[in-house]
Amino acid sequence: MLDADLGRLEDLPKEYLDELTQQNLVPLWPSLRGVLPPTKPKPLTRPTSWSYESIRPLLLKAGELTPIEKAERRVLVLANPGHGLQKMQASSAIYLGMQLLLPGEWAPSHRHTPNAVRMIVEGEGAYTTVEGEKCLMSRGDLILTPTGLWHEHGHDGHDPVIWLDVLDLPLVYYMEASYHVNGGRQEVHPGEGDQRHSGACVLPTPFFTRSQSAYPVLRYPWVDVKKALIKLSEDPSLVESVMITYINPSNGQDAENILGFYALMLRPGQTLRLPARSPACVFHVIEGEGVQLSFDEHVFDLKCADTACVPGYGATLLKNHSATTPVFLFMADESPLHRKLGLYENWG
Ligand code: GTQ
């Protein structure tokens with residue numbers, strides 16, 4: 001049946017509609033095509049890119065305008081205009097923010113229901129303490145702060161530190177499950193950062209769904225990830241995508257429950273087509289001269305530290321124009337969520 005074949009709101013008598021409204025009732029048929037569009041979804045998520053060169057001075061300005069005590073988290077949110085900027089959504093489930101911490105500053109301890117990760121973009125000397133584990137932040141490192149874990153950010157270095165926050169906040173907020181609890185400064189366990197690797201053989205126990213052992217690795221150093229990608233790229237059987245998934249070694253599953261995280265290497269001159277799948281996806285350039293990203297009629301030339309997002313149900317083309325230098329991308333998507341809900345599709 002065509003859209004025009006269904007009855008419209010205007011076709012109904014006003015008195016009838018008023019009576020429905022009074023009883024908290026709504027007729028389905030005028031809205032049926034809206035909630036169940038034909039053939040494929042109509043995502044609000046618009047292909048969008050954010051240039052680091054543009055964000056950086058504005059973020060540093062925020063450092064002058066707003067002291068950390070007045071911000072708690074000094075973040076400029078990368079908002080998708082398709083959702084409306086005030087919604088602070090990159091996609092239906094993904095939130096992106098660029099966070100600044102200045103030398104000596106402290107972003108106090110809290111925990112919240114949304115899961116978060118941080119991809120470090122610039123600067124040395126900052127750290128995130130997660131449940132007493134001090135995770136040092138270096139460029140390209142991925143740091144996890146999964147749901148319910150205490151976390152705070154500190155900075156012992158000399159220059160501004162900036163990182164990209166990726167949260168499943170829009171989804172958790174939509175589910176009316178978003179809240180936070182403030183805490184005092186955490187006591188740091190002896191040693192620095194990497195002890196969680198030693199928990200790799202521990203399986204999460206059902207008694208402690210938020211126990212530390214559920215997330216044995218909290219910091220994924222870029223040096224290790226880059227090494228793994230370069231090793232993969234030397235495998236002649238891997239002609240296409242040189243890509244790794246950040247996983248939780250205790251169960252081999254995705255590092256977090258709702259969003260998936262990946263690193264991708266594009267060889268010099270390589271063009272890669274990512275198939276049309278149901279989840280929305282975020283791209284962030286960790287290293288390299290740049291990459292051209294195409295989605296439908298949208299074409300973005302991403303330089304180092306730039307970020308972009310694309311909706312689901314369309315293919316993405318990535319081109320590394322450099323003949324000599326590889327490009328390394330960080331990616332985040334909604335795959336774990338789609339798989340768990342049984343909504344995951346790959347249209348090729
Ligand atoms: O660093 O804990 O971008 O709680 C948004 C909410 C960062 C954080 C964000 C947060 C944080």
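Filtered by the rule that a residue be without any contact (Cβ under 8 Å) to a residue 40 or more places away in the chain and among the charged types (D, E, K, R), the stretch 284-321 gives Glu289, Glu297, Asp301. Applying the condition of being buried (at least 17 other Cβ atoms within 10 Å of the Cβ) and not in a strand (DSSP E or B) to the stretch 108-124 and asking which residue is farthest from the ligand (Cβ to nearest atom) yields Gly123.
Is it fair to say Gly148 is under 28 Å from Cys309 (Cβ atoms) and either surrounded by fewer than 23 Cβ atoms within 10 Å (Cβ to Cβ) or of a type outside the set (Phe, Trp, Tyr) (or both)?
When the stated conditions are applied, Gly148 passes them.
Let's see how each residue does on (1) among the polar types (S, T, N, Q); (2) more than 24 Å from Leu142 (Cα to Cα):
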{"position": "Leu293", "(1), (2)": "no, no"}
{"position": "Phe300", "(1), (2)": "no, yes"}
{"position": "Lys303", "(1), (2)": "no, no"}
{"position": "Thr307", "(1), (2)": "yes, no"}
{"position": "Thr325", "(1), (2)": "yes, no"}
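For residues that are open to solvent by less than 50 Å² (accessible area, probe 1.4 Å) and over 14 Å from Asp165 (Cα atoms), scanning just the stretch 67-80, find the one that is farthest from the ligand (Cβ to nearest atom). Among those residues, the one meeting the criterion is Asn80.
Report whether or not Ala308 is closer than 24 Å to Trp163 by Cα and modelled with pLDDT of 95 or more. Answer is yes for this residue.
Select from the stretch 62-78 the residues that are touching a Phe, Trp or Tyr at 6+ places or on another chain (Cβ under 9 Å) and either assigned to a loop (DSSP other than H, G, I, E, B) or farther than 23 Å from Glu152 by Cα (or both) and list them in ascending order. Hit for the stretch 62-78 is Leu78, nothing else.
If you check Leu272, Leu317, which single one turns out to be assigned to a strand (DSSP E or B), within 21 Å of Tyr246 (Cβ to Cβ) and over 19 Å from the mean Cα position of the chain (by Cα)?
Leu272
Residues in the stretch 249-263 that are modelled with pLDDT of 95 or more, in contact with a helix residue (DSSP H, G or I) (Cβ under 8 Å, 6 or more places away or on another chain) and open to solvent by less than 50 Å² (accessible area, probe 1.4 Å): Asp254, Glu256, Ile258, Leu259, Gly260, Ala263. For the stretch 35-51, does any single residue satisfy the condition of being away from the ligand (no atom under 16 Å from the Cβ), farther than 30 Å from Phe300 by Cα and either touching a Lys or Arg at 6+ places or on another chain (Cβ under 8 Å) or not acidic (Asp, Glu) (or both)? Within the stretch 35-51, one or more residues are away from the ligand (no atom under 16 Å from the Cβ), farther than 30 Å from Phe300 by Cα and either touching a Lys or Arg at 6+ places or on another chain (Cβ under 8 Å) or not acidic (Asp, Glu) (or both). Listed by position, the strands (runs of 3 or more DSSP E) contained in the stretch 125-237 that have at least 2 residues being modelled with pLDDT of 95 or more and away from the ligand (no atom under 16 Å from the Cβ) form an empty set.
Of the residues Ser294, Ser322, which single one is under 20 Å from the mean Cα position of the chain (by Cα) and either open to solvent by 40 Å² or more (accessible area, probe 1.4 Å) or farther than 16 Å from Met119 by Cα (or both)? Of Ser294, Ser322, the one residue that is under 20 Å from the mean Cα position of the chain (by Cα) and either open to solvent by 40 Å² or more (accessible area, probe 1.4 Å) or farther than 16 Å from Met119 by Cα (or both) is Ser294.
Of everything in the stretch 92-107 that is out of contact with any Lys or Arg (no Cβ under 9 Å at 6 or more places or on another chain), open to solvent by 20 Å² or more (accessible area, probe 1.4 Å) and more than 10 Å from Val161 (Cα to Cα), the residue that is nearest to the ligand (Cβ to nearest atom) is Tyr95.
Being more than 15 Å from the ligand (Cβ to nearest atom), at pLDDT 95 or above and within 17 Å of the chain's Cα centre (by Cα) is the requirement here; does His83 meet it? So His83 fits the description; yes. The C-beta contact set for the stretch 28-50 (first residue open to solvent by less than 50 Å² (accessible area, probe 1.4 Å), second residue in a helix (DSSP H, G or I), distance under 6 angstrom, 6+ apart or interchain) comprises Pro30/Leu9.
The values are calculated or read from the model by the stated rules, or taken from the named source; none is laboratory data. Remember, it's a predicted structure, so these values are computed and weren't measured experimentally. Backbone-built Cβ (ideal geometry, glycine too); neighbour counts: all protein chains shown. Ligands, DNA and RNA are excluded from the accessible area calculation, which covers all protein heavy atoms including side chains. Shrake-Rupley method; radii C 1.70, N 1.55, O 1.52, S 1.80 Å.
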